[in-house]
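Only the coordinates and a few stated rules stand behind these numbers; no lab work does. These numbers come from a predicted model, not from an experiment. Heads up, the Cβs are rebuilt from the backbone with ideal geometry, glycines too, and the neighbour counts pull from every protein chain shown.
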Amino acid sequence: MASTKAASGTPTRGYSATKGQLTDRLVRIEGQVRGIQRMVDEERYCIDVLTQISAIQAALDKVALGLLDDHARHCVIGADGEQLQAERTDELMAAVGRLMRRG
């Protein structure tokens with residue numbers, strides 16, 4: 001993490017400025033997952049369930065892309081020193097690799 005600290009002395013994260021928006025999105029996604037659970041309990045048509053799963057995956061991808069962007073801007077570019085910046089870049093690329101291998 002970059003050496004940026006909040007007034008309380010705790011480190012800030014790349015997403016700190018948009019934490020409320022991130023939390024709202026995750027709460028919405030949580031509701032969508034519960035909706036799928038209800039659909040399965042109600043034995044809804046398979047394609048309808050799959051459509052909702054696809055929507056959740058797209059929403060999670062959007063959250064992940066936002067986090068990657070925030071991380072790149074705050075934690076990688078904002079890292080103190082070239083060595084730390086290189087380490088953070090490696091972490092970022094590993095995270096991208098994990099996201100791309102999904103499925």
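Which value results when the Cα radius of gyration for the chain is divided by 2.2 N^0.38 Å? This ratio for the chain stands at 1.38. Look at Cys75, Cys46 and count the other Cβ atoms within 10 Å of each Cβ; fewest to most, that gives Cys46, Cys75.
The residues neighbouring Glu82, those whose beta-carbon lies less than 14 Å from its own, together hold a net charge of -2 under the Lys/Arg +1, Asp/Glu -1 convention.
By the beta-carbon count within 10 Å of each Cβ, the least crowded to most crowded order of Val96, Val76, Val49, fewest first, is Val96, Val49, Val76.
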